[in-house]
Amino acid sequence: MIEARSISKFFSVINEKGLAEGLTAVLNVSLTIPDGKIVSILGPSGCGKSTFLEILAGLQAPTDGAIHIDGKLVLEPLPATRKEQIAYRRRYRFISPLANGVFRDHPKHDIAMIFQDYAVFPWMTALQNVVFALKLRNAERGAVKLKNREIEEKALFYLNRVDLAASAHKYPSQLSGGMRQRLALARALSVEPKIILMDEPFAAVDALTREKLQDELLRLLDETGKTGAPITVVLVTHDPQEAVYLSDEVIVFSPGPGTIRNRIPVTVKRPRARTDAELLETQDRILAMFQYDINQEADYSI
C-alpha cells in the first residue's frame, strides 16, 4: 500500500529580475493507493503531477510530509529550518561516507519507473537494455542470484511478452516510438516490481499507437496478476480519456500548486470499451472541471 501523508514540495527559483523567490509545486497532498490498483494522476501542465510521482519514487525528497510504502518510509523530508538541520546532522553524524556508499544504492522499495522519453540506453540493444536492468536487480542484497544464462533467458521472456523478441538485437534507434515504449515496459516488468510508476509514458506516440499500448499494458498487468501478486500502477497523464480507460481511480490535481481537486472512482469492469457510456460521462465530468479551472466558469455544453 502506498500512503502519501500531507506532501508538499517547495522550490527556490530565480525570477526575471534575478531574485530568488519561492515556488510551490505540490501542496498538502494526502492519498492512499491500495495494492494492485491502477491510479491515474490527472491535471493540466505545471500542476505538480510529475514532481509528486518523483516523490513517490524516492527521486525527490518532500519539503513536508512523508511517503510510506507497506509501512516503510521512502525518503525523509528535507530539513527546512535551522533547528531541523541541526537535528538532522546529529541523527546521521556517525554514518561514514563508506556506510553511505553501502546503503545509498540499495532501494528500500520494489519500484520500477517508466518515463515519457522511454529512458532506454541508445548504445544497448533491446536485449541488453533488459539484461542490464536484471543485472542491477541481481546485484541487490537479498535478491535471488541468477546466472548470466538465466538472466538472458528471462530478458528474452519479457521481450517476447511485449512482442519484441524478433527485435532483441536491434538498437533503440532502429525501433519505432511504440516499440521503444514497449521495450521500456518490458524492462520494468522484467524486475517483477510490486509498483510501476509511469510519467506520461504514451504521450510521445500517435493516437493509434497510444491506444494499442494502453491495451497491451492492461493485458500484461492482467497476465502478471494471474501468475503472481498484482502490480500497483500510478500513472501521470494529462489525457482524461487515457486516465478513465486505464484506471480504477482518477486523482484530479488542481492547477499549480498541485492539490487534490477530486477523486473519481471508475467502476466499469474490464475489459472496457472506449465508447462505454459511463466512461464517456466520467471523461465529460473531468473536462468540465478543466474548463472551470482554466476559465473560472463552467462549460454547460459538456
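The values are calculated or read from the model by the stated rules, or taken from the named source; none is laboratory data. Model, not experiment: these values are computed from the prediction. Here the Cβ is made from the backbone with ideal geometry for all residues, glycine too, and neighbour counts use every protein chain on show.
Taken as a whole, the condition of being in a loop (DSSP other than H, G, I, E, B), at pLDDT 85 or above and surrounded by fewer than 17 Cβ atoms within 10 Å (Cβ to Cβ) applies to Gly36. Out of the range 261-301, which residues are at pLDDT below 80 and of a type outside the set (Phe, Trp, Tyr)? Within the range 261-301, Gln291, Asp293, Ile294, Asn295, Gln296, Glu297, Ala298, Asp299, Ser301 qualify. Filtering the range 238-279 to residues that are in a loop (DSSP other than H, G, I, E, B) and basic (Lys, Arg) leaves Lys269, Arg270, Arg272, Arg274. In the range 280-296, the count of residues that are aliphatic (A, V, I, L, M), surrounded by 17 or more Cβ atoms within 10 Å (Cβ to Cβ) and assigned to a helix (DSSP H, G or I) is one or more.
Take the conditions (1) within 24 Å of Ile264 (Cβ to Cβ); (2) in contact with a Leu (Cβ under 8 Å, 6 or more places away or on another chain); (3) assigned to a strand (DSSP E or B); Phe10 misses just one of them, which is (1).
Considering Arg141, Arg187, Arg161, Arg137, the condition of being modelled with pLDDT under 85, at negative phi and crowded, with 18+ Cβ neighbours inside 10 Å is satisfied by Arg137 alone.
Pairing residues of the range 49-73 that are more than 11 Å from Ala4 (Cα to Cα) and outside any strand (DSSP E or B) with residues that are modelled with pLDDT under 90 and of a type in the set (D, E, K, R), at Cβ distances under 7 Å and at least 6 apart in sequence or on separate chains, gives Ala61/Glu76.
The number of residues in the range 273-288 being of a type in the set (A, V, I, L, M) and in contact (Cβ under 8 Å) with a residue 12 or more places away in the chain comes to 4. Residue count for the range 195-221, restricted to those that are crowded, with 17+ Cβ neighbours inside 10 Å and either on the phi > 0 side of the Ramachandran plot or not in a helix (DSSP H, G or I) (or both): 9.
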